[in-house]
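Q: Pasting in a structure now, in structure tokens, and then I'll have a few things to ask.
Every number in this text was worked out from the coordinates using simple rules, so none of it is lab data. On a predicted model such as this, the values are computed, not experimentally measured, just so you know. Here the Cβ is made from the backbone with ideal geometry for all residues, glycine too, and neighbour counts use every protein chain on show.
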Amino acid sequence: MSEPLLQIKGLRAGYGTALVLDGVDLTMGVEAVGVMGRNGMGKTTLCKTLMGILKPAAGEIVFKGQRIDGKSPEAVARAGIAYVPQGRRLFPSLTVDEHLRMLAPKTKDKRWTPEAVYDLFPRLAERRQHGGADLSGGEQQMLAVGRALLLNGSLLLMDEPSEGLAPAIVDIMVEAVHRLVDSGVAVLVVEQNLRASTAMAQRQLFMVNGRIEAEATAEELAADPSLQRTYLGVG
């Protein structure tokens, strides 16, 4: 059996004395995995701890066979994890192309270059000279994903990628996730949008009070209102 890409064991983390993650266990390979749950269950905290923005209080994060828990965000990014945060965090005064060209010198002979991002999101190519503040929410999300891809990592963390997006744009993001996995990039998707998460990922994990409480397939979750009510408060 091949070694998992990412393995998390007993991860505990939080803010000051407030514990948010309370023993997270998660294993994934080169695939798309959805992490769902109600507000306040620890989904964003999980992303921040994986990226080194928050330091874990206990537990292990093993990525490609190496411990990365406690490392700096820069070291985590160099190890091969890229992050698309909630809210996108673009530079309003920089154009689409300037956002991408900042990282272009490090993409020579790599899979993801600015041109590959434009191929993944043709709308960005059309808007390449527009500033970040002039883009629609969907275009901003495409740019945030494209910028992260230029790190040419093996794992992409996406925090609420469908937030505020029209259904047609969500479909573009779904297709992009599928193309990424096909190209060998794993994607961990934190979502509250049931339709988006089940379309992006076959495996669906449910966070409750800082732990992964259960797992279902996309088909099981979509077809089971009781699962939706229990873990998402919908259905």
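Q: Among Gly16, Gln66, Tyr118, whose Cα projects farthest towards the positive end of the dipole of region 1-124, with charges put on the beta-carbon of Lys, Arg (+1) and Asp, Glu (-1)?
A: Gly16
Q: Can you pull the semi-axes for region 6-232, root of five times each eigenvalue of the Cα gyration tensor, sorted largest first, whole Å?
A: Equivalent-ellipsoid dimensions as semi-axes: 28, 21, 16 Å.
Q: Continuing with this model, one more query. Taking the Cα centre as origin and putting +1 on Lys and Arg beta-carbons and -1 on Asp and Glu beta-carbons, what dipole magnitude results for the chain, to the nearest 20 debye? Could you put the intermediate results ahead of the total?
A: Details: 26 positive and 27 negative charges, 155 e Å.
Taking the Cα centre of the chain as origin, the dipole is about 740 debye.
Q: Give the angle, between 0 and 90 degrees and rounded to the nearest 10, that separates the Cα long axis of helix 137-149 from the longest principal axis of the Cα atoms of the chain.
A: Tilt of helix 137-149: around 80 degrees.
Q: Given the DSSP H assignment, sum -39500 (n - 2.57) over each helix run of at least 4 residues in the chain and divide by its residue total; what's the result at 222 nm in deg cm²/dmol, nearest 500?
A: It comes out at -9500 deg cm²/dmol, rounded to the nearest 500.
Q: Could you give the angle, 0 to 90 degrees to the nearest 10, between helix 167-182's Cα long axis and the longest principal axis of the Cα atoms of the chain?
A: For helix 167-182, the angle is close to 80 degrees.
Q: Can I ask one more? List the residues whose amide H sits under 5 Å from the amide H of Gly23, counting only those 5 or more places along or on another chain, with H placed 1.01 Å from N in the peptide plane.
A: Here Leu11, Arg12, Ala13 satisfy the definition.
Q: Return the FRET efficiency for the residue pair Asn209, Arg179: r is the Cβ-Cβ distance, R0 is 30 Å, and the value is rounded to the nearest 0.05.
A: Efficiency at R0 = 30 Å is approximately 0.30.
Q: Highest first, please rank the peptides 148-161, 184-197 by the mean number of other Cβ atoms sitting within 10 Å of their residues.
A: The most tightly packed comes first, giving 148-161, 184-197.
Q: Cross-link partners among lysines for Lys110, C-alpha distance below 20 Å, same-chain residues fewer than 8 apart left out?
A: Result set, ordered by chain and number: Lys64.
Q: Could you name the aspartates and glutamates in cross-link range of Lys71, using Cα to Cα under 12 Å and dropping any fewer than eight places away on the same chain?
A: Qualifying aspartates and glutamates at Cα under 12 Å: Glu60.
Q: Would you calculate the separation in nanometres between label points at Thr230 and Arg89, each defined as 7 Å from the Cα along the Cα-to-beta-carbon direction?
A: Result: 3.5 nm between the two label points.
Q: Rounded, prolate or oblate: pick one for region 114-173, where a ≥ b ≥ c are the square roots of the eigenvalues of its C-alpha gyration tensor, a/c under 1.5 means rounded, and failing that, prolate if a/b is larger than b/c, else oblate. Show your work: numbers first, answer last.
A: Numbers: a/c = 1.62, a/b = 1.07, b/c = 1.52.
Oblate, because a/c is 1.5 or more while a/b does not exceed b/c.
Q: Still on this structure, I have one more. What aspartates and glutamates could a cross-link reach from Lys55, if we take a straight Cα to Cα line under 14 Å and drop same-chain neighbours fewer than 8 places away?
A: Asp22, Asp69, Glu74
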